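The values are calculated or read from the model by the stated rules, or taken from the named source; none is laboratory data. Since the model is a prediction, treat every value here as computed from it, not as a measurement. Methodologically, a virtual Cβ is constructed for each residue, glycine included, from the backbone with ideal geometry; neighbour enumeration extends over all protein chains shown. With ligands, DNA and RNA removed, areas are computed over all heavy atoms of the protein, side chains included. Shrake-Rupley method; radii C 1.70, N 1.55, O 1.52, S 1.80 Å.
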Amino acid sequence: MARKLFGTDGVRGIAGEFVSAELALALARAATALADSERPQVLVVRDTRESGEMLEAAVAAGVSSAGGDALLGGVLPTPAAPLLLARYGFDLAVVLSASHNPYADNGVKFFAADGYKLSDETEREIEGALDARVSPAAIGRVRELRGATEDYLRELHTRFASLDLRGVSVLLDCANGATFEAAPEIFRRLGANVAAIADEPDGRNINAGVGSTHVEALAARMIDGGHDVAFAFDGDGDRVLAVDRTGAIVDGDELLALAALHLRGAGRLSGDGVAVTVMTNYGFHSAMQRAGIAVATTQVGDRYVLEELRARGWTLGGEQSGHIIETGFNRTGDGIASALLTMEALAGGDLAERDAMAKLPQRLVNVRVRDRDALDDAEGVAEAVRAADQQLSGRGRVLVRSSGTEPLVRVMVEAPTDAEAADVCDRLVALVSDELA
């Protein structure tokens, strides 16, 4: 049966409807049957959504019905999966999470034995095998993987063993998600004075007005004083944003710039290059050019950043949203590790005094349109974009692109001043609305 279930980050949708127990079981069974092992050992972890336990049980049934053993790691950040795959030599990992989406959604994504997310080709093979009959030589087992959180913490502690956070006051927003235990604990082990918010998940409050997609509340708390730095994670812990002591929000571009300069200075920036997406601020490119660091640009999505890193043999990449990948430590974005990398890069300094890059003012407007594919044939819009790009040449940039999932056209303008960015953006938004809305 022809179908297209996998998006850019696994299969995601409303739990119990699109992401049903039946679908989770079928996906796990097909993926296990395709694994290159006589008796696949499959790690299963989840975030804090109320649907996670149901889907965990379904995945475990799918794994065992295909002759594999399901090892239940419980609630863990997504980036723990590739680290535990390497630690134990497992054959496959299944992560149940919808990342920064509301609690009603959930998702199923896979990591291969090498710690990387599955290729498009393997995902197509899984979809093609969903209805295939599986007759294993023996039924697999389902077991709890005891100490999985401690194993993840041990990996983090080993990587950042030299980081001394004694005397540093840190405020953490855990999004009522998968980082609620691990994030405060590793900061405490490294000596920090830790306060945490959104660390009491109830199955329905994940990402609800908290976390990296709602960082304004955390910023307001920082303005009140009492903390040196703050970090906000998303629901599954693969991204992070920071807030300095003045309440200024520090996005993924700035965190990546700090990391790039630090790793290059330490001789750990392989290829002296960084991979980013088309959404990355123009100021980042300017800063890297001054530092002599190459920049490769991909389409939006952390999987595309990772593909570029692998193709070039580089170690660092990321997105403005806070996905930061340091392949020297992990094979996916790791919010906790990225927060610790930021502290390592600061080397005892104050995030409020950062100078890794100067951000250009940015305006981003989403325009609802009849058909997002219509942008491809909108010559008038294309001509206006070229003119605006020429106007800002060497000083900023323009990006007009269709959403990959919604009937939206995203208009982004970066310019030396807020006024110029707003003026150019407003003109383009009006034109897109007139021609395509």
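Just a few scattered comments:
- Normalised convex hull volume, segment 135-282, alpha-carbon set, Å³ per residue: 204 Å³
- From the C-alpha gyration tensor of segment 6-113, square roots of 5λ in Å: 20, 15, 11
- Integer Hz, Karplus 6.51/-1.76/1.60 couplings in order for segment 109-118, x for Gly and Pro: 9, 10, 10, 7, 4, 7, x, 8, 5, 5
- For the chain, the Kirkwood hydrodynamic radius comes to 22.6 Å, computed from all pairs of different C-alpha atoms.
- Across segment 305-312, computed HN-Hα scalar couplings (Karplus, 6.51 cos²θ - 1.76 cosθ + 1.60, θ = phi - 60°) run 4, 5, 4, 5, 4, 5, 5, 9 Hz from first to last residue, x flagging Gly and Pro.
- The region of the chain that goes longest without hitting one of the trypsin sites (Lys or Arg not before Pro) in a DSSP loop, each with at most 11 other Cβ atoms within 10 Å, is 167-369.
- Spread of Cα-to-Cα distances over 10 Å intervals beginning at zero, given as percent, for segment 32-170: 12, 39, 33, 12, 4, 1
- Per-residue ellipticity at 222 nm from helix content only, as computed over the chain with -39500 (n - 2.57) for each DSSP H run of at least four residues, stands at -11000 deg cm²/dmol.
- Highest-fluctuation residue, 69, 91, 120 considered, GNM on the chain with Cα pairs under 10 Å: 120
- Its Cα gyration tensor gives segment 296-416 an equivalent ellipsoid. The semi-axes, each the square root of 5 times an eigenvalue, are 32, 19, 13 Å from largest down.
- Max mean-square fluctuation residue, GNM over the chain, Cα-Cα springs under 10 Å, options 86, 230, 112: 86
- For segment 245-294, accessible area per residue (1.4 Å probe, heavy atoms of protein chains only), Å²: 34 Å²
- Once the Cα gyration tensor of segment 207-345 is diagonalised, semi-axes √(5λ) in Å: 25, 16, 13
- Radius ratio Rg over Rh of segment 252-324, counting only Cα atoms, Kirkwood formula for Rh: 0.91
- Counting only alpha carbon atoms, the long axis of helix 282-291 and the longest principal axis of the chain meet at about 90°.
- For segment 80-85, Karplus couplings with θ = phi - 60° (6.51, -1.76, 1.60), whole Hz, Gly/Pro x: 5, 4, x, 5, 6, 4
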